[in-house]
C-alpha cells in the first residue's frame, strides 16, 4: 500500500507496472535487462483517492494523464527494476502530497494610506534626482 498521508492510502493493486530496456550506463548488461519502469494508474477509476484531491491532481498534472484517465510515469534512474519501482512510487507520493492540502484563498486587500504616501514620496524623490542630473537650460 502506498501511504501518502493519514488520509490518502492507495493499494498497489491500482497500479500497473511495465518494464522495458533502459538507456544510459550499464555496459553490455543494459542490452539484456528490462530496468526501465513505467507506472500506469487509472486515476479516473481510483476509489481510494478523495474527490477534491483527484480534481487538484488532474488539474495540476493533466499533461501526464491520457485520454482514458490513466496517469503515466517513467523511471530509469537506477540500473535495477526494484529501485526504479520504488523511485516511481516515491515520485507519485510527492506529487500527491503537493495537492493533498487545498491552497488557502488570498484575501483581497487594499494598500494602506501610508503605503500610498510612501510610494508617491519615493516617486517624487526619483523624479527630483533625475531633474538634477539634466544640463541647465536657457530658462535657468
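The values are calculated or read from the model by the stated rules, or taken from the named source; none is laboratory data. Note that the structure is predicted; figures quoted are calculated from it, not measured. For neighbour counting, all protein chains shown are included, and Cβ atoms are generated from backbone atoms with ideal geometry for every residue, glycine included.
Below are the figures for this structure:
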quantity: Cβ-Cβ under 8 Å pairs, at least 6 apart or on other chains, the range 60-81 side modelled with pLDDT of 85 or more, far side part of a loop (DSSP other than H, G, I, E, B); calculated: 71/61; 72/66
quantity: Residue that is in contact with a helix residue (DSSP H, G or I) (Cβ under 6 Å, 6 or more places away or on another chain) and either exposed (fewer than 14 other Cβ atoms within 10 Å of the Cβ) or in contact (Cβ under 8 Å) with a residue 24 or more places away in the chain (or both), where the choices are 99, 108; calculated: 99
quantity: Elements of type helices (runs of 4 or more DSSP H) contained in the range 29-140, each with 2 or more residues being in contact with a strand residue (DSSP E or B) (Cβ under 6 Å, 6 or more places away or on another chain); calculated: 81-100
quantity: Conditions (1) over 29 Å from residue 49 (Cα atoms); (2) loosely packed, with under 10 Cβ neighbours inside 10 Å: number failed by residue 119; calculated: (2)
quantity: Some residue of the range 37-47 being at pLDDT below 75 and exposed (fewer than 14 other Cβ atoms within 10 Å of the Cβ); calculated: no
quantity: Test: residue in the range 69-89 that is farther than 26 Å from residue 19 by Cβ, over 15 Å from the mean Cα position of the chain (by Cα) and loosely packed, with under 11 Cβ neighbours inside 10 Å; calculated: no
